[in-house]
Structure formats: structure tokens, C-alpha cells
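The structure appears below as C-alpha cells.
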There are 2 protein chains.
Amino acid sequence: MPALKPTEITGEVVWIGHVPDRDASLQSQSATEAPLTYAGIPGEAHGGLTRRSCSRVVSQHPRETEIRNVRQLSIVSAEELAEIAADCGVDALNPSLVGASMVVMGIPDFTHLPPSSRLQLPDGATLVIDMENRPCHLPAKPINAEHPGAGDRFKLAARGKRGVTAWVEREGLVRVGDPVRLHIPDQRAWAP
Amino acid sequence: MPALKPTEITGEVVWIGHVPDRDASLQSQSATEAPLTYAGIPGEAHGGLTRRSCSRVVSQHPRETEIRNVRQLSIVSAEELAEIAADCGVDALNPSLVGASMVVMGIPDFTHLPPSSRLQLPDGATLVIDMENRPCHLPAKPINAEHPGAGDRFKLAARGKRGVTAWVEREGLVRVGDPVRLHIPDQRAWAP
């Protein structure tokens, strides 16, 4: 039996976005579809086969070290985003405010999906989940601009619900409304 | 806190090998050091930024589909390889017989290391563990050639001990004798 196993869990892509220039703004712009290439979503500020390492991996690499880019996409779950919004005291949060590349509905406990899980789209395009994305303070400003005060509560509210980062394993296309199937590593927990 | 966390666990690289032509032979040739590039170990038959998909991922991709190559290296643990050898009824198994790229000593429960764990070498070269490698029948023949009969027992003996597959996240050099530090995703188990 291969270690990578399809599950019966299929979600739906309910939103797609890309960030054209993250120095200008963290916010992503929505789209109805996006090509997925080995470098990520074309025109996406987080794209590239490699990237310069950031503060998130400073325990592994000095800042600005060239490493492979496992943060091409930021994927969040519609359900978790709704919970974050509620905890921020607002009715809903536009995914663009948190710089999301994709919002998926219907996959339970999304942020804690097993690392190295795959999300596969109808045309075969496949994303590899690197691991949980941890919330940072950056979305506070754009959220505050739209919902005064709510941004200040984002980082705490988003803990354990900020989604995952992912990269493209097989190229293709993603469209809003696409089903997306979960595949997971079929192996027991590490027991050192 | 970033999700990728260094551990206090450091192993040692005790063997390095590469397979120059897997159609000719699964066996790897040993070396005292090897460059690690984004395409894997140069001259390695399992190298490349991408690969044609094989039977192991036929639940995800039709055979021969171009996908990113997460199987650049096959890494096994010295301790688990010794257990496999014992179960095959031999004193020791040369790692070349199982087509290994690297043998690491001192990292417990190696085959079940968390997917997306990192192994980091002294110069900063970093490998990402995709997931458990599942034993196949291919090593039977070269093992039988050296230890008649033992190869027939390999696939069963290697279950849960076949090591992991990995790919290069940061380029550098690996040398026999190098310490190799384990970094793991610091997140709770998925609870769907």
C-alpha cells in the first residue's frame, strides 16, 4: 500500500485570490480562477520556486537565505475564517484581508491537516500542504481599516485557525466552485 | 511561534550513496560526500525537480504524469536497517542493496518521523521529509544475490522500517560523519 492515501473527504473551493505586491499591501485580490504552476499562482507576490527565507524560519536559516518555497499559497477554511470573524466581533471577514490565496469549505479541522497532505482539484492539479500557518500581526492593519478595532483581536482569534501553507506538486487550474479532495499520509504518529 | 521547531535530536550521517542508473540496477554506490541541489544528488537516477509519476501515486496521478519530485532521496536509519537485516537472517545489509541515498544513525522511530519534518546539515543544507517510504519487492533481487534467500524476506521485514523519502529545501553539502538535526512541525494531530 502506498503511503499517500485518498480520503473520502472532499471540500469546495469557495474563493481564490492573489497578492500582486505584498510591499504595497498584504491584501489579496479575488479571482474566479487561477493557474497553478510549479512557481505557484502567476503574478502572486508569494510565488516562486524558491524564496528568501523570512523570520518564520529563522531557527533554520539566516534571513534572506535562498530556500525552496513551500509558502506559495495560503489556504484558509471558510468555517475557521467564520469563527475568527466571530471572535473578532464582526459578521464576516473578507479573505482578502488576511492575504488568502484560497478558501476551502467542508474539510474539517483544516488548519491541523496532516503535514504533507495533498489537496487535489478536478483537473488533477495538486497542492502539498507544508504545515500549519501561524497567525502574525500583519492582517491587523487592513482588518482595522475595514472593521475598526477588530484587527487588534485577529492574531489571538486566529490561533489554530489560520489555515495552512501549500505549494504546487502538479500543475493545473483551480476555479471557484471546484471540489477539492483530501489525500493524507497513511502512517501512524511518530513515537520517539 | 513559528510552526517549524528545532528539536534536541541530532543524528549522524553514517553512509551516503547514489543510484546512477536505476534501469541497470537499484543498487546505490557509496560516497564520502555528496552535493545536495534543488534537483537532489547530482547524477542520481531519482533526481530532478520534477519526475514522471509511478505506481506509488497512481491513486493521485495517471502513470507518467509530470509532478514535483519529493522522492529525490531515500533515507534509512542505521538502527532500523539492522533490525531488517536481523529479520532477514543476515548479520548486516549493505545500504546500497536497498538503493539508499543516505543512512542516519541516532534518530529514533525514523521511518515514522512526522511528514514535513526537516533534517538539517552543518552547512545549512536542509532536507524535507515527504513521508514514510513503503517497502517494495525490488530490493529482493540484489539482496538475494548477496545473501541467498534473505531478499525474499525483505519486504515483510522492512515494513515500517524502510525509512523516508525526502527532497532538498536548501542546497549544500552532506558528508559522512556530519551531524544532522531534526526539526519537526510543532502542531497537534489532525482531529477531523
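Using a cut-off of 22 Å between alpha-carbon atoms, which lysines can reach B:Lys161, once sequence neighbours fewer than 8 places away in the same chain are excluded? Output for B:Lys161: A:Lys5, B:Lys141.
Spatially, the stretch B:58-72 and the stretch A:37-91 are offset by 24 Å when compared through their Cα centroids.
Translational diffusion of the protein assembly as shown, estimated by Stokes-Einstein from the Kirkwood radius over alpha carbon pairs at 25 °C in a medium of 0.890 mPa s, is 114 µm² per second. Heavy atoms of the protein chains alone define the surface here; on that basis chain A has 41 Å² accessible area per residue at 1.4 Å probe size.
Amide H to amide H, with H built 1.01 Å from N, B:Asn133 comes under 5 Å of B:Gly163, B:Val164, B:Thr165, counting only residues 5 or more places away or on other chains. Rounded to the nearest 500, the helix-only mean residue ellipticity at 222 nm of chain A stands at -3000 deg cm²/dmol, with each DSSP H run of n ≥ 4 adding -39,500 (n - 2.57). At an R0 of 51 angstrom, the distance between the Cβ atoms of B:Asp123 and A:Glu146 translates into a FRET efficiency of 0.65.
Which aspartates and glutamates have a Cα lying under 12 Å from the Cα of A:Lys155, excluding residues fewer than 8 positions away in the same chain? Answer for A:Lys155, where 12 Å is the Cα cut-off: A:Asp87, listed by chain and number.
Residue-wise HN-Hα couplings along the stretch B:149-164, as the Karplus relation 6.51 cos²θ - 1.76 cosθ + 1.60 with θ = phi - 60° gives them from phi, are x, 5, x, 5, 8, 4, 4, 6, 5, 8, 4, x, 9, 8, x, 10 Hz; Gly and Pro carry x.
Considering only alpha-carbon pairs that sit under 8 angstrom and 6 or more positions apart, the relative contact order computed for the stretch B:7-185 is 32 percent.
Multiplying the residue separation of A:Ile9 and A:Glu66 by 0.36 nm and removing their Cα-Cα distance gives an extension gain of 17.0 nm.
Where Rh denotes the Kirkwood radius from the mean inverse Cα pair distance, what is Rg over Rh for the stretch A:76-174? With Rh from the inverse mean 1/r over Cα pairs, Rg/Rh is 1.00. The base-10 log of I(q)/I(0) for the stretch A:1-62, evaluated at q = 0.12, 0.24, 0.27 Å⁻¹, reads -0.50, -1.03, -1.10 [Debye formula, identical scatterers on Cα atoms, solvent excluded]. Which residue, B:Cys136, B:Cys88, B:Cys54, has the most motion in a Gaussian network model of chain B that connects Cα atoms within less than 10 Å? For chain B, modelled as a Gaussian network with Cα springs under 10 Å, the answer is B:Cys54.
Ranking B:Asn69, B:Ile84, B:Trp15 by how far each Cα lies toward the positive end of the dipole of the stretch B:1-91 (charges on Cβ) leaves B:Asn69 at the top.
Fully extending the segment from A:Ala24 to A:Ala39 would add 3.3 nm, taking 0.36 nm per residue of separation and subtracting the current Cα-Cα distance.
Each copy carries B:Ala92; placing its label point 7 Å along the C-beta direction from Cα gives inter-copy distances of 6.5 nm, listed from smallest up. When A:Glu33 is represented by a point 7 angstrom out along its Cα-to-C-beta vector, the spacings to that point in the other copies are 5.0 nm, nearest first.
In a simple Cβ point-charge model (Lys, Arg +1; Asp, Glu -1; nothing else charged), the protein assembly as shown has a dipole of about 40 debye relative to its Cα centre.
Given +1 on the Cβ of Lys and Arg, -1 on the Cβ of Asp and Glu, and no further charges, what dipole in debye does the stretch A:97-192 carry about its Cα centre, rounded to the nearest 20?
Charge dipole, the stretch A:97-192, about its Cα centre: 320 debye, nearest 20.
When the convex hull of its Cα atoms is viewed from all sides, chain B shows a mean projected area of 11.5 nm². Applying 0.36 nm per residue to the separation of B:His137 and B:Ala189 and subtracting their alpha-carbon distance, the gain on full extension is 15.5 nm.
Considering only A:Ala125, A:Ala150, A:Ala24, the Gaussian network model of chain A with Cα springs below 10 Å gives its largest mean-square fluctuation to A:Ala24. Residues A:Leu93, B:Leu173 ordered from highest to lowest accessible area at a 1.4 Å probe: B:Leu173, A:Leu93.
Remark: the stretch A:7-185 carries a charge dipole of roughly 620 debye about the Cα centre, counting +1 on each Lys and Arg Cβ and -1 on each Asp and Glu Cβ.
Comment: the Cα-to-Cβ extended label point of B:Pro6, at 7 Å, lies 4.3 nm from its counterparts in the other copies, nearest first.
In a Gaussian network model over chain B where Cα atoms closer than 10 Å are linked, find which of B:Ile16, B:Ile67, B:Ile75 has the largest mean-square fluctuation. Residue with maximal mean-square fluctuation among B:Ile16, B:Ile67, B:Ile75: B:Ile67.
The values are calculated or read from the model by the stated rules, or taken from the named source; none is laboratory data. All values reported here derive from a predicted model rather than from experimental measurement. Every residue, glycine as well, gets a Cβ built from its backbone with ideal geometry; the counts of neighbours run over all protein chains shown. Accessible surface is based on the protein model in full, side chains and every heavy atom, while ligands, DNA and RNA are left aside. Shrake-Rupley method; radii C 1.70, N 1.55, O 1.52, S 1.80 Å.
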